[in-house]
Structure formats: C-alpha cells, structure tokens
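The values are calculated or read from the model by the stated rules, or taken from the named source; none is laboratory data. Since we're looking at a predicted model, the values are computed, not measured. All Cβ positions, even for glycine, are placed from backbone atoms using ideal geometry, and neighbour counts span all protein chains on display.
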Amino acid sequence: ISLFGMPDCIVKSRGLKWELDDENLSFTKRNSHGNRSVSSSVELKILSGKAMVFIYAQSIIDAGSI
C-alpha cells in the first residue's frame, strides 16, 4: 500500500506493518508512505485533507519484505 497527501492529509491506520498515528503526509514535504498489510483487513482513517491510496493486487518483493 502507498499513501500520498493530495496535497495534504493526516492519516491513522490499523493493520499495517508500520502503523500511522496522526501521520501528516504533504505533497510539498513528506509526500508518500510505503507500507505492508499484516492482516486481511486494513483500516485507514483520513482525519483531515485528501489522500491518494495505491493498493497493490500482487505481492511485491523488495527490501521492505524482509
């Protein structure tokens, strides 16, 4: 899963390897957050702003998979 602030958002998550707790994502600063699901159900709450979310249909093998 990848998250992008469009242009800004504050996000909270459950079910991710690296949980987001009121994380500020901003297109002009920290633009994205790559993560991994650790359960069959993932919850994302956009507390403010707007976000673009990419959910990958297949597993991706990279350094984050270790």
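Which residues, taken from the stretch 1-16, are free of Cβ contacts under 8 Å to residues at least 40 places away in the same chain and either more than 14 Å from Ile55 (Cβ to Cβ) or part of a loop (DSSP other than H, G, I, E, B) (or both)?
Hits for the stretch 1-16 are Ile10, Lys12, Arg14, Gly15.
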### Message
Go through (1) surrounded by 15 or more Cβ atoms within 10 Å (Cβ to Cβ); (2) at pLDDT below 85 for Ser13 and report which single condition fails.
### Response
(2)
#### Entry: Entirely in the stretch 20-61, the strands (runs of 3 or more DSSP E) that have 3 or more residues that are within 10 Å of Leu3 (Cα to Cα) and modelled with pLDDT under 90
32-34
